[in-house]
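This report concerns only the one structure given below.
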Amino acid sequence: MSTASASDNRRKAPAGERVADWADGRLGIYSLAKANMRKIFPDHWSFMLGEVCLYSFVIIILTGVYLTMFFHPSMNEVVYHGSYTPLQGVQMSEAFRSTLNISFDVRGGLLIRQIHHWAALIFLAGMFVHMMRVFFTGAFRKPREVNWLFGFLLFVLGMFTGFTGYSLPDDLLSGTGVRFMEGAILSVPIVGTYISMFLFGGEFPGSDFVPRFFSIHVLLLPGIMLGLLVAHLILVFYHKHTQFPGPGKKNENVVGMPLLPVYMAKAGGFFFLVFGVIAAIAAIATINPIWAMGPYRPDQVSTGAQPDWYMGFAEGLIRVMPGWEINVWGHTFVLGVFIPLVIFPLVLGAIAVYPFIESWVTGDKREHHLLDRPRNAPTRTAFGAAWIAAYFVMLVGGGNDLWATHFHLSINAITWFVRVGFFVVPVLTFIATKRICLGLQRRDKDKVLHGRETGIIKRLPHGEFIEVHEPLSQDQLHTLTSHEQPKPLELEPEVDENGVARKASATQRLRVKLSKGYYGEGNQIPKPTVQEYEEITSGHGHH
Amino acid sequence: MSSQDIPEETLPSAQGAHEGAVATAGDPFADPGLPPHEHRIQDIDEQAARRSERVVAMLFTLSMLATVGFIASYVTLPVDKNIYVFPIGHISALNFALGLTLGVALFCIGAGAVHWARTLMSDVEVADDRHPIEASPEVKAKVMDDFRQGAEESGLGRRKLIRNTMFGALALLPLSAVVLFRDLGPLPGTKLRKTAWSEGKMLINQNTMQPLRPEDVQVGSLTFAMPEGMKEEDHDFQQEIAKAALMIVRLRPENIKDKRSLDWSADGIVAYSKICTHVGCPISLYEQQTHHVLCPCHQSTFDLSDGGRVIFGPAGHALPQLRIKVNDKGYLEAMGDFSEPVGPAFWERG
Amino acid sequence: MKKLSARRRHPLAAVVVLLFALAVTGGLYAAFAPADTAKADDSAQSLAIEEGKKLYSVGCASCHGTGGQGTSDGPSLIGVGAAAVDFQVATGRMPLQQQGAQAPRKKVIYSQAEIDQLGAYIASLGAGPAVPSKSQYSPDGADIAKGGELFRTNCAQCHNFTGKGGALSNGKYAPTLEGVKPKHIYEAMQTGPQNMPSFPDTTMSEKNKKDIIAYLGEVNSDKTKSPGGLELGGLGPVSEGLFAWIFGLGALVAVAIWVAARTAKAKKS
């Protein structure tokens, strides 16, 4: 088929088409385009959060490449004689000096540095919010669990790429962060001192960590992230995007506008919008002014020593942990540092494995392409809110000194609040969120059965005042009632049909119990039935 | 192709009932199907469409102007010129000009493209079918057959010797990569236990770089010291100061609660390690009335009047104290190295 | 506010304040009011002490004791010197409004002449650091870079890299150094007010102190350059993170809402 049409077109095909033909003959682009050119994407602002991340990643790569041309990843000690007077004649590492040069002597260097760093903060914030959007709408369910994990890994790797990145200028603040990292590594039982010596090429700080972090920051981690990102995007294309329920939107279809031209223009345009906003921020607000912090020296420090926000959670854990230390058999268990080091991945991991836990508990193995409204999955929503609460309590802990000075509180009191709050606040949040979800479900039910409150007060002939309720359209009725309400799992009868007793296993009983927590009585408001609706609407019309 | 090219008479017909309406009379909650497409102003009013076109073109033009402005700023503004911009402050003129022009140049391209898409490209929503991701049973059966055949033909299951030695070889190979990392750094040895302090080394004031006399240090003052003979230019200065940094305060002898601490002081002058025992920040937020020092990183609080005991925060053990005395010439000097490792705890610390 | 603090730091500001104070209290004290005239004749000195004692017994004695010996409510002032009095009273920290974790900086209620009298009285109780002269604290000719190193070694741990302040234990704090006069910075280093340790000349030379004052003038004044743009409080990553979330992500979400929103439909009525 292709040969026939190609020979027909050979005489007069326009140049573009001939190039496309050439490429198709080698790459098969026409088949690729057939499947994807008019691919449908649903429209919703929250579906663009992932794009924010993608584009800020691209911006970080572009600006990062520029920065490598001027940055010297070396810890050789030099004396500064550049254009920033308050550091004239001060001894510093070459890494720090070249960062000063980028900031003060390379035209536009400061702008690119600030775009790079602002984009990094926004990248991580974007990933966090994107992850929460996916979580609260249940978009992680089959078939997207693997993509959820890819996204999670991108978030974690992004954190470490950020950490290695802000350590590179070798300024007083980042050096303090690296010192913290060394202390944390030393706390690891048995191998801690060895890892520390190997990482720093000897004793801290040594003269190796900047070049080593440099290759990790510009090569190793971004390389892995790029791979994961491509896989993440391919899976998004392959699975097709999820959509919110609504008229005409089914689990078997996807409703929206085609990639070409609408999404090409919208998504392509959005890249420029994101880049433009970040460039404007970099013009207006300074970030990480390393010249004000000075070069790193292990015997100097500043108050308010915090990491970038995405590490604030770990900082909080380490700040509020009591100083437990056990000495036995000539060895030291540095629990005060090691426990936070273990809790950190555990808390992050809790959100990563959630999709698998939920599908095990509910026993739901079907594909889901329609999103849940968060209120219709109260237990999941409450769990997510509790997780965020724990995260934010720790962020408060990580900034306890600034909370103290800006709200005139005692740092000790805040630390105690966070110590207790880490356990209590998530529980309270869980309970409150669940109640709010159930309340919203009740409101939906009222709306379906009694219509929308119009605010119009009418006086009936016999003197009674009523508020007119306007019945919902069928579109709205469908949207509010289309969600599923599964029944909780039941334990199989203790005695089978032949009268033989069989004991349910402990995991089975746990599963049934958790399932009740998801779908049992009091954990979801039964949605209105057609009978209920008809009884009411056929009656007096108002209630 | 945008929707204004659609002949006017075809438009209203699309506005009929829901597509594929499945609503049955009996079910008020049934899916009514996709709502009918409604036209935008630009779809029916050519004037409005032309207005949109002009807005898009204007945005793209604005972007071009901003790029010209970017290049002009780059060429004309000196890199060290500072200007006052309310309410931002005294900022670099170049950074501000480059950032804003770049921001506008980028933003306008994006805004133009999006405005174009939103107002002039078709906004008809289309439904596309999804196909199950799982393969059909026939496909699965075929794949399983192929795999079984392949496995059979390889003989991997039958020839155990080949299989086991291959796994052995593959498992062993990465070890060479592990071995290669050995030279990343030296073994810990006793490096974390020793500092630059030793018997007879004088305490050098880090501000004046002169040896400290006891009368220099007053009650309530705070001084930082390093061992005699250490220079900032030394190649190992950073490693050594990371362990040797010292904090000198003077207490009234009657205020020193810890007996050993009193013995190790000279005329009430106590010398403590400046390196926090939590994770190694230079701790030095000394509150002279309470004799507490606080760590600025994680708020561990130590009581210098009580042997450097931890009284709050995540640190696990007391600050090490350096034993000092006044030498014959009237200077403060160390009576040896710290008796325990300074800085963060580690497995071998014991 | 910025304007005001700029004027207050003007070299002539102290003189203006002084002249104003003199007009109020009468020409009698004109001869011995300036801090520099330490060599004023004995009779003038004793007059100042006498006046200072009167002010002391009205404003300070209830906490610090009638003879400055201290009570349970306030420390002894014997030997703290005129510099300590000048710092505490001229920054408004004393007299104390209420007992708390720490005396905050507030409105100054004594005139400079009265403060000098108070200082003279306290200095007469026991020798202590005198109020520094302008040549001691003026940053002219000081080494800014050396001041930066000294600041990072001695001061930044409590007051932050550029003197924005920070938290101490149990509600105490190291105040921001923004808008603090060089004289008061010098006095604070000299005397160690409240929980701040002192940095006497024996361990931190006069030259060192000048360098530190010069560094602060460079990095923490209303003329300080922040080439990159808004300083965001100079507090480091916490305020940067907040800014990135609220303005960065906030702006991008607003843009995303615009991109994804439906275009206005033509309403056919």
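Some notes on this structure:
- Restricted to region B:191-221, and to residues there that are within 25 Å of A:MET92 (Cβ to Cβ) and in a strand (DSSP E or B), the residue that is nearest to the other protein chains (Cβ to nearest Cβ) is B:ASN205.
- Applying the condition of being among the charged types (D, E, K, R) and within 14 Å of another protein chain (Cβ to nearest Cβ) to region A:425-484 and asking which residue is nearest to A:LYS249 (Cα to Cα) yields A:ASP475.
- Check on B:PRO188, touching a residue at least 60 places away in the same chain (Cβ under 8 Å) and more than 9 Å from chain A (Cβ to nearest Cβ): no
- Residues being away from chain C (no Cβ under 14 Å) and either free of Cβ contacts under 8 Å to residues at least 60 places away in the same chain or under 13 Å from the mean Cα position of the chain (by Cα) (or both) - total across region A:30-54: 6
- Matching entry among C:GLY165, C:GLY148 (being within 14 Å of chain A (Cβ to nearest Cβ), over 30 Å from C:GLY67 (Cα atoms), buried (at least 24 other Cβ atoms within 10 Å of the Cβ) and touching a Phe, Trp or Tyr at 6+ places or on another chain (Cβ under 8 Å)): C:GLY148
- Positions within region A:94-111 being of a type in the set (A, V, I, L, M, F, W, C), surrounded by fewer than 24 Cβ atoms within 10 Å (Cβ to Cβ) and over 19 Å from A:SER167 (Cβ atoms), in sequence order: A:PHE104, A:VAL106
- Against the conditions (1) within 20 Å of the chain's Cα centre (by Cα); (2) open to solvent by less than 40 Å² (accessible area, probe 1.4 Å); (3) not assigned by TED's automatic domain parsing to the domain that holds C:ASN170, C:SER138 satisfies every one except (3).
- Single condition C:THR263 does not satisfy, out of (1) farther than 18 Å from B:PRO87 by Cβ; (2) within 8 Å of chain A (Cβ to nearest Cβ); (3) open to solvent by less than 30 Å² (accessible area, probe 1.4 Å): (2)
- The residue pairs whose first member lies in region A:273-291 and is within 7 Å of chain B (Cβ to nearest Cβ), whose second member is surrounded by fewer than 24 Cβ atoms within 10 Å (Cβ to Cβ) and part of a loop (DSSP other than H, G, I, E, B), and whose beta carbons are closer than 8 Å, counting only pairs six or more residues apart or on different chains, are A:ILE284/B:ILE88.
- Qualifying residue in region A:167-180 (condition: facing chain B (nearest Cβ under 8 Å), surrounded by fewer than 22 Cβ atoms within 10 Å (Cβ to Cβ) and touching a residue at least 12 places away in the same chain (Cβ under 8 Å)): no
- Index of the failed condition, A:PHE123 passing every other in (1) free of Cβ contacts under 8 Å to residues at least 24 places away in the same chain; (2) within 14 Å of chain C (Cβ to nearest Cβ): (1)
- The condition of being touching a Leu at 6+ places or on another chain (Cβ under 8 Å) and either part of a loop (DSSP other than H, G, I, E, B) or outside the structural domain of B:THR67 (by TED's automatic domain parsing) (or both) holds for only one of B:ILE162, B:ILE133, that being B:ILE162.
- Residue selected from region A:55-66 under the condition open to solvent by 20 Å² or more (accessible area, probe 1.4 Å) and touching a residue at least 12 places away in the same chain (Cβ under 8 Å), by the criterion farthest from A:HIS232 (Cα to Cα): A:TYR66
- Count of region A:181-198 residues, restricted to those that are open to solvent by 40 Å² or more (accessible area, probe 1.4 Å) and more than 7 Å from every other protein chain (Cβ to nearest Cβ), is 3.
- For region A:374-409, filtered to residues that are surrounded by fewer than 18 Cβ atoms within 10 Å (Cβ to Cβ) and not in a helix (DSSP H, G or I), the residue that is nearest to the chain's Cα centre (by Cα) is A:PHE407.
- Being within 30 Å of C:SER135 (Cβ to Cβ), open to solvent by less than 20 Å² (accessible area, probe 1.4 Å), at the interface with chain A (Cβ under 10 Å from one of its Cβ atoms) and part of a helix (DSSP H, G or I) is a description that does not apply to C:ALA256.
- Selection status of B:VAL79, surrounded by fewer than 23 Cβ atoms within 10 Å (Cβ to Cβ), outside any helix (DSSP H, G or I) and touching a residue at least 12 places away in the same chain (Cβ under 8 Å): yes
- Any hit, region A:336-346, residues being touching a helix residue (DSSP H, G or I) at 6+ places or on another chain (Cβ under 6 Å), touching a residue at least 24 places away in the same chain (Cβ under 8 Å), open to solvent by 50 Å² or more (accessible area, probe 1.4 Å) and not in a loop (DSSP other than H, G, I, E, B): yes
- Just one residue in the set A:HIS81, A:HIS130 is in a loop (DSSP other than H, G, I, E, B) and surrounded by fewer than 24 Cβ atoms within 10 Å (Cβ to Cβ); that residue is A:HIS81.
- Selected residue (only one of A:LYS447, A:LYS513, A:LYS503 is in contact (Cβ under 8 Å) with a residue 24 or more places away in the chain and basic (Lys, Arg)): A:LYS447
- Whenever a residue of region B:166-185 is within 11 Å of another protein chain (Cβ to nearest Cβ), its partners that are surrounded by 10 or more Cβ atoms within 10 Å (Cβ to Cβ) and outside any helix (DSSP H, G or I), lying with C-beta atoms within less than 7 angstrom and at least six residues away or across chains, give the pairs B:LEU184/A:GLY201; B:GLY185/A:GLY201; B:GLY185/A:GLY202.
- Test result for B:GLN238, more than 30 Å from A:VAL79 (Cβ to Cβ) and at the interface with chain A (Cβ under 8 Å from one of its Cβ atoms): no
- Candidate set from region A:221-244 (those that are within 14 Å of chain B (Cβ to nearest Cβ) and touching a Ser or Thr at 6+ places or on another chain (Cβ under 9 Å)); member that is surrounded by the most Cβ atoms within 10 Å (Cβ to Cβ): A:THR242
Residues checked against (1) open to solvent by 40 Å² or more (accessible area, probe 1.4 Å); (2) touching a Lys or Arg at 6+ places or on another chain (Cβ under 7 Å); (3) in a helix (DSSP H, G or I):
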| residue | (1), (2), (3) |
| --- | --- |
| B:ALA30 | no, no, no |
| B:ALA48 | no, no, yes |
| B:SER52 | no, no, yes |
| B:PHE60 | yes, no, yes |
| B:TYR74 | yes, yes, yes |
| B:HIS90 | yes, yes, no |
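- Test: A:MET159 is touching a residue at least 12 places away in the same chain (Cβ under 8 Å), assigned to a strand (DSSP E or B) and open to solvent by less than 20 Å² (accessible area, probe 1.4 Å): no
- Considered as a group, the residues in region C:177-203 that are aliphatic (A, V, I, L, M) and within 17 Å of C:SER133 (Cα to Cα) include one that is nearest to the other protein chains (Cβ to nearest Cβ), and that residue is C:MET189.
- In region B:79-94, the qualifying residues are those that are more than 7 Å from chain C (Cβ to nearest Cβ) and of a type in the set (Val, Ile, Thr), and the one that is farthest from C:GLY234 (Cα to Cα) is B:VAL79.
The values are calculated or read from the model by the stated rules, or taken from the named source; none is laboratory data. Note that the structure is predicted; figures quoted are calculated from it, not measured. Note that we place each Cβ from the backbone using ideal geometry, even for glycine, and neighbour counts take in every protein chain shown. Keep in mind that these areas ignore ligands, DNA and RNA; they rest on the heavy atoms of the full protein, side chains included. Shrake-Rupley method; radii C 1.70, N 1.55, O 1.52, S 1.80 Å.
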